[in-house]
Amino acid sequence: MKKEDKPDFGEFKANPLADKTIVLGVSGGIAAYKACDLASLMRHAGANVHTILTPAATQFVSALTFQTLTRNQAHCQQFADDIDWRPEHIDLAQKADLFVIAPATANIIAKLASGICDDLLTTTVLATKAKVLLAPAMNPRMLEHPATQNNLAILENQFRYKIVPPETGEVACGDWGAGKMASLDSIMAAIQGQLFSHQTLAGKNILVTAGGTREPIDPVRFIGNKSSGKMGIAMADAAYARGAAVKLISTVAVDRPYPVIVVETALEMQEVVEGEFDSCDALVMTAAVADFRPLAVSVQKIKKNVSEDFTLELTKNPDILDLLGQIKRPDQVIIGFAAESEELLSNTAEKLQRKNLDVIVGNDISVPDIGFGSDDNAVVIMSVSAERETLPRMPKRAIAEHLCDVISQALLEKQESGLTI
Ligand code: PMT
C-alpha cells in the first residue's frame, strides 16, 4: 500500500501512548513483579517510561530490570551522588504526562493522602502537576481498613487521582478477598483514559454489547457464532477513554476499569440491556445475537445413538434492538451493527429503518480477514439523516474512535434540536 493510500485513522495510533512520558512508581508489595510487565507494555505502546522504585520495592524487584525493559535509567535514591544542579524529582515531575503507581501499597497510599514525602517517589508525586493513577494492591483486610478507605477517598475525591480498583481473588499471602492488583489490561485501559485529552463523551452513559450469544442445546452443546467480542470491547474502551460512563454487556469476560456484565444467551442479554437502557444516553449493539434458540434444552447430554437423524426444533429469539428502537426516548441514540454476506448497502439501510435506529454500521462478512474474530474491520456507516460514510479496512479501535465522534455529534444534534427531555 502506498503511503498516501493509508486510511486516515483520525485520533487512533498504532502506538497509542506514543509521545507520552509516563513515570511508573513501584512501591513495595509482591505485585511489584507485575509492574515489570506493565513497564514493558507501556514502552511497546510507544510511551517513554521512567521508573521510580521505593526502597521497599527494591526488595522485590531490581532497578536493573526496569532499566532494561524501559531503556531509561530507573531511579531509587532520593539523594543520588551524581545529581545535576536540578534535583531529579523536579525533573521527572515536570517531564511526566502521567504518573502510574502500580502496585500502590497501603503505606504509599497513606503517605500520598497526607502529603508525606520521605522518598524519591512520594517527593516526585508531590512535585508534579501531571495526572496520577494508582493501582492499589494489598492484603484484603488492609484494603478494608477504614484508614486505607479514607486515604483512598482523599486521593480520589480531593486530589482527583484515578484509582484502578483492585480485583477479588486469592492474594499472595493466601487470604481471599479484594486486594489483588487490577489486571494489566485494566491498567492500560485506564492509562489511555487518563491520557486522552478530548473527553468528548464526559458525562454520558454509554451501553455497549459485545460477543456472540450461546444458545444451549444440552449441558455441553450450544448454537453459537464466530463473534470474538473484539469490536464491542474496542467500542467500550474508546468510549471510556473519551470520559463516558461505560457499561459493557458481553458474552466474553474481560478485565476493565468499567463495569462488565457477562451474559451467555440472547434472553440473558435482553434482560440486562433492557434493565440498563433507560439510564443510557447511547446504546451500541455490536453483539451477534442468535436469531433462534432451541425450543427445548435437554437436561441430559443428548446421546448420538438415539437415531441416524436428529432434528433440533428452534424458536425465534426476541430482537433486542428492534424492541428498544420502538421505545427509545427522543434524546437517546441507538447504533446497531449489521453483519451482511450479500447486498450490504440495501440490507444495512433496511435494518436502519426497520429497527428505528439513529445509526447503523454495516460490515461485509464475506470479505476474508475482517469482521468476525479479526482485529480489523471495514464498514459502511449510515444514519437516519441519510448520510453514508465508508471506512476502509482499519483496526477495530480506529472504527470505534470514529463511532465515538458519531455518537457525540448525534447527541449534540438531539440536544440542539430541543429533543432532550
Ligand atoms: O465480535 P467480533 O469478532 O469483533 O466481530 C464483530 C461483528 C462482526 C460481530 C460486528 O461487527 C457485527 O457485525 N455485529 C452485528 C452482528 C449481527 O448480529 O448482525 P445482524 O445483522 O444479525 O443484527 C443486526 C443488529 O441487531 C445487531 O446490532 C444485533 O446486535 C441486533 N440484534 C440481532 C438479533 C437479535 N435477536 N437481537 C438483536 O438485538
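Scan segment 323-355 for residues that are among the acidic types (Asp, Glu) and under 17 Å from Glu276 (Cβ atoms) and report the count. First the steps, then the outcome.
First pass over segment 323-355, keeping only residues among the acidic types (Asp, Glu): 331, 340, 342-343, 350.
Filter once more, keeping what is under 17 Å from Glu276 (Cβ atoms): 331.
Going through segment 323-355 one residue at a time, the tally reaches 1.
Here's a check for you: in segment 195-204, which residue that is of a type outside the set (Ser, Thr, Tyr) and crowded, with 17+ Cβ neighbours inside 10 Å is farthest from the ligand (Cβ to nearest atom)? Give the derivation first.
Residues of segment 195-204 that are of a type outside the set (Ser, Thr, Tyr), as a first pass: 195-196, 198-199, 201-204.
From what is left, the residues that are crowded, with 17+ Cβ neighbours inside 10 Å are 195-196, 201, 204.
Details: Leu195: 24, Phe196: 22, Leu201: 20, Lys204: 20 Å.
Here the answer is Leu195.
Are any of the residues in segment 296-319 within 15 Å of the ligand (Cβ to nearest atom) and under 25 Å from Ala400 (Cα atoms)? Yes: one or more hits. On the stretch given as segment 198-221, residues that are more than 23 Å from Glu340 (Cα to Cα) and over 18 Å from the mean Cα position of the chain (by Cα) total 6.
Which is at pLDDT 95 or above, surrounded by fewer than 17 Cβ atoms within 10 Å (Cβ to Cβ) and not in a helix (DSSP H, G or I), of Val132, Val220, Val208? Checking each option against the conditions leaves just Val220. Of all the numbered requirements in (1) closer than 16 Å to Arg221 by Cβ; (2) more than 13 Å from the ligand (Cβ to nearest atom), Phe292 misses one, and that requirement is (2). A count restricted to segment 359-376 and to residues that are among the hydrophobic types (A, V, I, L, M, F, W, C), more than 8 Å from the ligand (Cβ to nearest atom) and assigned to a loop (DSSP other than H, G, I, E, B) stands at 2.
From the list Gly169, Gly115, Gly174, which one is farther than 30 Å from Val406 by Cβ, touching a strand residue (DSSP E or B) at 6+ places or on another chain (Cβ under 9 Å) and without any contact (Cβ under 8 Å) to a residue 24 or more places away in the chain?
Numbers: Gly115 fails: touching a strand residue (DSSP E or B) at 6+ places or on another chain (Cβ under 9 Å); Gly174 fails: touching a strand residue (DSSP E or B) at 6+ places or on another chain (Cβ under 9 Å).
Of Gly169, Gly115, Gly174, the one residue that is farther than 30 Å from Val406 by Cβ, touching a strand residue (DSSP E or B) at 6+ places or on another chain (Cβ under 9 Å) and without any contact (Cβ under 8 Å) to a residue 24 or more places away in the chain is Gly169.
Among residues of segment 400-411 that are assigned to a helix (DSSP H, G or I), those with a beta-carbon under 9 Å from a residue that is of a type in the set (Phe, Trp, Tyr) and surrounded by fewer than 20 Cβ atoms within 10 Å (Cβ to Cβ) at least six positions away or on a different chain give the pairs Ala400/Phe12; Glu401/Phe9; Glu401/Phe12; His402/Phe9; His402/Phe12.
Conditions tested, residue by residue: (1) crowded, with 17+ Cβ neighbours inside 10 Å; (2) acidic (Asp, Glu); (3) more than 11 Å from the ligand (Cβ to nearest atom).
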site	(1), (2), (3)
Gly193	yes, no, yes
Gly212	yes, no, no
Lys230	yes, no, no
Ala253	no, no, yes
Glu264	no, yes, yes
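Note on segment 225-342: no enclosed helices (runs of 4 or more DSSP H) hold 2 or more residues that are free of Cβ contacts under 8 Å to residues at least 24 places away in the same chain and under 19 Å from the mean Cα position of the chain (by Cα).
Does Ser279 fit the bill of being away from the ligand (no atom under 12 Å from the Cβ) and surrounded by fewer than 23 Cβ atoms within 10 Å (Cβ to Cβ)? So Ser279 passes the test.
The values are calculated or read from the model by the stated rules, or taken from the named source; none is laboratory data. Predicted model only: the values in this text are computed from it and were never measured. All Cβ positions, even for glycine, are placed from backbone atoms using ideal geometry, and neighbour counts span all protein chains on display.
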